[in-house]
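Colleague: Mind having a look at this structure? Questions to follow.
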Amino acid sequence: MKSKKTSHGKSQLDINSESTYRIAVSKLDTNVLWRITKMAFRHRLRMAIGIVSTILAATFQLFVPQFLGRAVDQAHGLLTLTSDRATTEDALMTTALLLISASLLRGLFTMCQNYQGEAVGHLIGYNLRLSYYRQLQRLSFSWHDKVHSGDLMARGILDIEGVRMWVTTGVLRFFLLTILIGGGAIILFRIDIELGVVALAFVPIVGFRVSVARLKLRDTWMRLQDQMAKLTQIMEENLSGIRVVRAFAAQDHELNRFDKSSRIALAVTHERIGLFVRYTTQMTFVYFLSMGLVLWVGGHKVIDGEITLGELTQFLAFMSILQMPVRQIGWMINSIARASTCGGRLFNILDLEPSIADKPDATPLRITDGVLKFENVDFRYPAGDGDQRTLSGISLEARPGKTIGIVGPPGSGKSTIAQLIGRYYDVTGGSVTIDGQDIRNVSLESLRANVRIVQQEPFLFTSSVNHNVAYGDPWAGRSDIEQSAATAQLHNYISNLPSGYATLVGERGVSLSGGQRQRMSIARGVLLDGAVLVFDDSTASIDAATEQRIKSALKDIVKERAVIIIAHRLSSLMHADEILFLEEGRIVERGDHDQLLARSGRYAELYSLQTRLSDTDGEN
Amino acid sequence: MAKATPSPKSNRPPLAVVGSLVSQDEDLFGRIFDRWVVGRLGEYLRPYRARIIIAIGAVLAFTLTQLAIPLIIRAAIDDAVASGGEIAEGGALLNILVAVFIGVVVFNYIANHVQETIVGKIAGHLLFDLRRAMYAHLQVVSLSFMDKTEVGRLMSRLQGDVNALQEFLESSIFAIGDFVLLFGIIAVLLSLDARLGAMTLSVVPILFLVRIIWLPLARRAFLRARETSSATNAALAESIHGVRVVQELTREDVNFDLFDEKATDNLNSHISGSKYTNVLIPIVDGLTGAAMAIIVIVGGGLVLDQALDIGVMVAFLFYVQRFFDPIRSLTIQYSIMQRAMAAGQRIFEVLDVEVEVSNKSDAQDPKEIDGSIEFENVTFGYVADQPVLKNISFRVAPGETVALVGPTGSGKTSTMSLTHRFYDVWDGSIRVGGHDVRDLTQASLGRHIAMVLQEPYLFSGTILENIRYAKLEASRDAIIDAAKAVGAHDFIMRLGAGYETELDQGGGNLSLGQRQLLSFARALVADAKILILDEATASIDSYTELNIQRALARLLENRTAMVIAHRLATIRGADRIMVLQDGEIIETGDHAHLMASEGLYSRLYRMNYASFDDIPDDVARTLSESNDAT
């Protein structure tokens, strides 16, 4: 479970942190890599085995050129008549055995190194995936409103992949290269310093190129990622809105939009390829040049008798070992660029502080009488949210058997009240209490387990009807589920489906009409216990006759809970014990239906407007 | 955070899954070489033919330089160095050979640069070409295909499959290089010394044997790893899209545990896959060691017998070190290729989806039409033998407003789609402005018919851009006028940046009513003779509702309109009402007339259902039965 970091000093509001995350990325290059590396070292044993294996693998690999050199000297030795044949053959045999063992051991340790490295990488991926999942479920609705879901998916798939690769392609490869080059340098310098310098001349040049390339490549990676995200969004919107596109014969326009974005993405792709190719080919070139120099200087040294032919072979063999690693340096740069970009994008989300979280001393909500109270509540949306809606001076009390209806023009703050009850936002003044406990002092989980909000636009999961109805209580019994569906006037419909409650609904299953979906949402809500039940415009697509049936089915439930009905159709709430008329965030009228009609105020005005719009008021 | 409250009810597993219940039934690996896919890819490669030839040349040149390097070293050792200074010109010869070496290296550099650049760029082009082809094709394929295919599935083809091909394309040309290198090394080894060469190469069959045993096992592991990945990603996607319900119903902990199961599965399968990948390393390295040992013992012996030059032995050692590289990358190639073939198959599947509706070669594009709509004996359906519309005939006169009502599935939406020629009729004909729709261009239909859909879909971008969608050349003033006409101006001005306000994904920062008004404004800007409107079923708050009724009146002015009506006010305001049931028009006339005739309409109307769409099935059945009786 991810621990909360309060020391970050981030803004309290995740909306604000969200708006700054893009700027933050470019500065955090090394921090991000360090952070991923630290995550890797949390798996101590595996990393220890991995690193030790890497060191041993590199060491055994360094033996190979030495043995090769020895073999050449041994074979060549006879020609120069320094030893007899039998001993030479014995010596060759020994060298051969040493070669096989060194190679085999190198292979075994490389296997360990890769395996442990990949395992740690997958473990990091796993942990990140869980943290990411948890974090997305914690972040507020308003944050989710502002972030494109495609972008979130890309981070959860591609970016985790990019970070995961860092352990093998970054950390362990770094150890491997250091030891190969460092150990090789020591061995070579001991044979011949001058030739050693020539052999390793390419290292600083490559090192310099690496540091330049890293930044440039990283920059193109980021731009590519952004551009691809834009392209994805264009395609996704086009496909989702294909009927609109067809309806207005806007295919050309859509293709233009796509082409414009696609062309930029292609240009950045080419730029990235160009950069990458330039750096890697240059590195290979410098490496080969060094090899040529070794042949030249070393060859003359052999001619001059300063070193043996075997030693020259050893130099060349060592360089030949380095050919793969030099190529890999290129991949390493790529991996640095990728890991830091991807990691940055992920950490930006993981570090967001949910604007709503439990207080350290939060206690579970205790329900005694089930009384919900708003006391002089003020609320304004966080700055920068662009939402000007506010609430001020809202007081209300709902209790079992006392239903509150809330009505008012769009934007008057009706839904905000529902959001405040579930604490999806915190009030900026006054308080919301349930049975005398301020909801900011109780644990979110216990609060939300007691406040059931039935939304206007319900989400269907691609799963069976059963699963969908029981979404809030997956352990519900069959009879409870059927009872809830019956209350929501959905049971008959479900029973007639091909597989009844096991029928698949959602994207790939049976599609439900708007009204059926809302009834599904009501069934979900009534299945659950809870002291407070809020209907947030949740019968808008259900016609009046069905709504009446639902209402009478709900009678018993309503008696046991504090119910708040937010609606714009007066027939939905005219029987509430108290009706609040909201306008610009204030309660301008309150009372029951008859009282409000008698006042001939805004409520009465709305009532006559609705009767005019449809002279069937659903009640006669 | 607290643990999920264990249910006191029982110990049975929860009725819950994360991610879809349906498994991804798509093949991840295709055949290793699919002639059809490669052939189709070839078509897309044709424009780059010249560059491909250059690239292949560069790959061959690059490979040859790699082959040449040990040979130069061999020459340097045998001819210049090994004699230990006995040959006077040894030093001079060495200088020449090093110069040759440098020359080869420069050549190698150029060839490397050329091959990598060209291959990378062609691959980039090809992917973008393929993606564009798919995207463009999806703009014209039949809507019934789009209806039954999820957006997510198409997106995974546009992105995932295209990326799988990228890997293949970028590495495929190097595979040619690897092949050449492999056979080159074999040839060089055998020609340098046939005996030693043959003995050295004797380790190769062992590797192939190991591969044959390894491959099916590894494949299964990799397949499983991919499956668990896609299951995990599906669960993640669901949690993102359904986050509101999750938080409201406090499913976080249950979901987290379920997700953890999938993620753990994913972790384990990947770690097990990693075992298979890495187990080959010591085998390959051991065999390399064995090959080197053979060279040392046998080659060394030959050198001792003076039957082999020491330089040849050195060259052998160098070649053997590189020998397994191509074999290794060729096996990686193998699975990349399989993936690419499967991906290619899916891409071309999309590209091959039939275009059912297309412009005739002599399709007309009249500037003006008179606005009439005529259906003549139209029969149409989506599935063979299941007609949705049965021999329907009617005419809508220019300027007339006709309301279509009827239960779900009665054929209202199909009537609307056919007018815009989203589909072609099975039988009969449809004429718009006197022209058969099949004789008009699609663009022409788009210009003369404006459509407002039930779900007001908005694109991300500014409000201005959204209203302008149907007519890109519309001026800012025209847009503001339209917004004013439909009563959207006021709320637009209240938004932070007015007409420049950026809409969230799907217009999420607007209410349903506001989105509806914007889509009205969009249709008004289109300024078409004919309006087709599918009224939203959700009832909207009375204030917006009033706005919408006014906007609708403004929208219908001087236009021919066909409205799938749900609101009684709209229905009653229509010049004529057509009642559809089971694909047939069963009643037609104005409100008073239909009420007097005591048919289905009057019965439905009296039942007090605000919308005919959401009538419970049992009620609808009883009603239509009693209707049949009359």
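The values are calculated or read from the model by the stated rules, or taken from the named source; none is laboratory data. Values in this document were obtained by computation on a predicted structure and should not be read as measured data. Positions of Cβ are backbone-derived with ideal geometry, glycine not excepted, and every protein chain shown enters the neighbour counts. Keep in mind that these areas ignore ligands, DNA and RNA; they rest on the heavy atoms of the full protein, side chains included. Shrake-Rupley method; radii C 1.70, N 1.55, O 1.52, S 1.80 Å.
Colleague: On average, how many beta carbons from a partner chain sit within 10 Å of the beta carbon of a residue in A:128-140?
Modeller: What the average comes to for A:128-140 is 5.
Colleague: Residue by residue through the range A:288-304, what is 3J(HN,Hα) from phi via Karplus (6.51 cos²θ - 1.76 cosθ + 1.60, θ = phi - 60°)? Round to whole Hz and write x for glycine and proline.
Modeller: 5, 4, 4, 4, x, 4, 4, 4, 5, 5, x, x, 5, 5, 5, 4, 7
Colleague: A further question follows. Given the Cα atoms of the range B:514-573, and with Rh set as the inverse mean 1/r over their pairs in the Kirkwood sense, what is Rg to Rh to two decimals?
Modeller: Checking Rg against Rh, the ratio lands at 0.92.
Colleague: I've got another one for you. Just order B:209-216, A:321-328, A:287-294 by mean Cβ neighbour count inside 10 Å, highest at the front, would you?
Modeller: A:287-294, A:321-328, B:209-216
Colleague: Here is a further query. What does the helix-only formula give at 222 nm for chain B: each DSSP H stretch with n ≥ 4 adding -39500 (n - 2.57), the total divided by the residues, and the result rounded to the nearest 500 deg cm²/dmol?
Modeller: Here the helix-only value at 222 nm equals -19500 deg cm²/dmol.
Colleague: If you don't mind, another one. Averaged over peptide A:319-325, how many Cβ atoms belonging to another chain are found within 10 Å of each residue's Cβ?
Modeller: Per-residue shielding by partner chains comes out at 2.
Colleague: Roughly how many nanometres apart are two label points built 7 Å out from the Cα toward the Cβ at B:R395 and A:S479?
Modeller: 6.5
Colleague: What are the aspartates and glutamates whose alpha-carbon lies under 18 Å from the alpha-carbon of B:K367, with same-chain residues fewer than 8 places away excluded?
Modeller: Those aspartates and glutamates meeting the cut-off are B:D436, B:D439, B:E473, B:D527.
Colleague: Now a separate question. Give me Rg over Rh for the range A:14-350, both radii from the alpha carbons and Rh done the Kirkwood way, two decimal places.
Modeller: A ratio of 1.12.
Colleague: Here is a follow-up. With the convex hull built on the Cα atoms of the range B:194-307, state its orientation-averaged projected area in nm².
Modeller: With the hull built on Cα positions only, its mean projection is 9.4 nm².
Colleague: Give me the percent of Cα-Cα pairs in the range B:373-629 that sit more than 24 Å apart, rounded to a whole number.
Modeller: Considering the range B:373-629, 49 percent of its Cα-Cα pairs are separated by more than 24 Å.
Colleague: Still on this structure, please answer the following. Which order do peptides A:594-604, A:393-403 fall in by mean Cβ count within 10 Å, highest first?
Modeller: A:393-403, A:594-604
Colleague: Per-residue HN-Hα couplings for the range B:477-490, Karplus 6.51 cos²θ - 1.76 cosθ + 1.60 at θ = phi - 60°, whole Hz, x for Gly and Pro?
Modeller: 4, 4, 5, 5, 4, 4, 4, 5, 4, 8, x, 9, 4, 4
Colleague: Report for chain B the percent antiparallel among DSSP-assigned beta bridges with both residues inside it, nearest 5.
Modeller: DSSP beta bridges in chain B are roughly 55 percent antiparallel.
Colleague: Shifting gears a bit: How much length would be gained if the chain were fully extended between B:L217 and B:M493, taking 0.36 nm per residue of separation minus their Cα-Cα distance, in nm to one decimal?
Modeller: So the extension gain works out to 92.9 nm.
Colleague: Please compute, for peptide A:454-462, the average count of beta-carbon atoms on other protein chains lying within 10 Å of each residue's beta-carbon.
Modeller: Averaged over the peptide's residues, the number is 5.
Colleague: Find, to one decimal place in angstroms, the Kirkwood hydrodynamic radius of the protein assembly as shown, where the mean of 1/r is taken over every pair of different Cα atoms and then inverted.
Modeller: 35.0
Colleague: Run the numbers on the range B:459-473: which residues show a drop of 10 Å² or more in accessible area, chain on its own versus all protein chains together, using a 1.4 Å probe over heavy atoms?
Modeller: B:F459, B:S460, B:Y469, B:A470, B:L472
Colleague: Using a 1.4 Å probe on the protein chains only, how many percent of the accessible area of the protein assembly as shown belongs to carbon and sulfur?
Modeller: Whole-percent figure for carbon plus sulfur exposure: 56.
Colleague: Still on this structure: Using amide H atoms built in the peptide plane, which far-off residues or other-chain residues are under 5 Å from A:L580 H to H?
Modeller: Those lying under 5 Å, H to H, from A:L580 are A:G405, A:I406, A:V407.
Colleague: Using only the Cα atoms of chain B, what do you get for the radius of gyration and for Dmax, in Å?
Modeller: Radius of gyration, then largest Cα-Cα span, for chain B: 36.0, 124 Å.
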